[in-house]
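Written below as structure tokens is the structure these notes are about.
The values are calculated or read from the model by the stated rules, or taken from the named source; none is laboratory data. Remember, it's a predicted structure, so these values are computed and weren't measured experimentally. Cβ sites come from the backbone with ideal geometry, for glycine too, and all protein chains shown count toward neighbours. The area values use the complete protein model at the heavy-atom level, side chains included, leaving out ligands, DNA and RNA. Shrake-Rupley method; radii C 1.70, N 1.55, O 1.52, S 1.80 Å.
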Amino acid sequence: MCSSDLIGSSTDAIASAAAVQAGVEALPGSPVVEYREVDGLSHLGLIASASAATLTWPIIDEHLKRFSS
């Protein structure tokens, strides 16, 4: 099963949370599309900041555990 986990932040100045959330409707062929919001992080900060380790990476880890085969 191919799944998509979309993670946005209301403080992302490059890809707004609304734009990322719109991806749920933009990926109709994916059997699972989930949107999660992590506030307080910038675009790069969602992945590369010190806070990402406790805020974003657990979301990604959980998603991969659920949908990896």
* Structure fact -> Residue count, segment 42-69, condition closer than 19 Å to PRO31 by Cα and open to solvent by 90 Å² or more (accessible area, probe 1.4 Å), comes to 4
* Structure fact -> All conditions in (1) within 18 Å of LEU64 (Cβ to Cβ); (2) of a type in the set (Gly, Ala, Ser); (3) surrounded by 15 or more Cβ atoms within 10 Å (Cβ to Cβ) are true of SER30 except (3)
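Under the condition of being small (Gly, Ala, Ser) and either part of a strand (DSSP E or B) or more than 20 Å from TRP57 (Cα to Cα) (or both), which residue from segment 1-12 is modelled with the highest pLDDT? Talk me through it step by step, then tell me what you get.
Here is the first cut: in segment 1-12, the ones small (Gly, Ala, Ser) are 3-4, 8-10.
Now narrow it down to the ones that are either part of a strand (DSSP E or B) or more than 20 Å from TRP57 (Cα to Cα) (or both): 3-4, 8.
Numbers: SER3: 88, SER4: 92, GLY8: 97.
Only one residue fits best here, namely GLY8.
What number of residues within segment 1-27 are β-branched (Val, Ile, Thr) and either exposed (fewer than 14 other Cβ atoms within 10 Å of the Cβ) or more than 12 Å from the chain's Cα centre (by Cα) (or both)?
Filtering segment 1-27 down to residues β-branched (Val, Ile, Thr) leaves 7, 11, 14, 20, 24.
This time we only want the ones that are either exposed (fewer than 14 other Cβ atoms within 10 Å of the Cβ) or more than 12 Å from the chain's Cα centre (by Cα) (or both), so: 11, 14.
Final tally of qualifying residues: 2.
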* Between a first residue in segment 10-32 that is hydroxyl-bearing (Ser, Thr, Tyr) and a second residue that is open to solvent by 70 Å² or more (accessible area, probe 1.4 Å), which pairs have beta carbons less than 8 Å apart while being 6 or more apart in sequence or on different chains? -> SER10/GLU37; SER10/ASP39; THR11/ASP39; SER16/SER10; SER30/CYS2
* Structure fact -> Result of the Cβ filter at 6 Å on segment 35-49, keeping first residues that are at negative phi and partners that are open to solvent by 60 Å² or more (accessible area, probe 1.4 Å) and among the polar types (S, T, N, Q), at least 6 apart or interchain, is TYR35/GLN21; ASP39/SER10
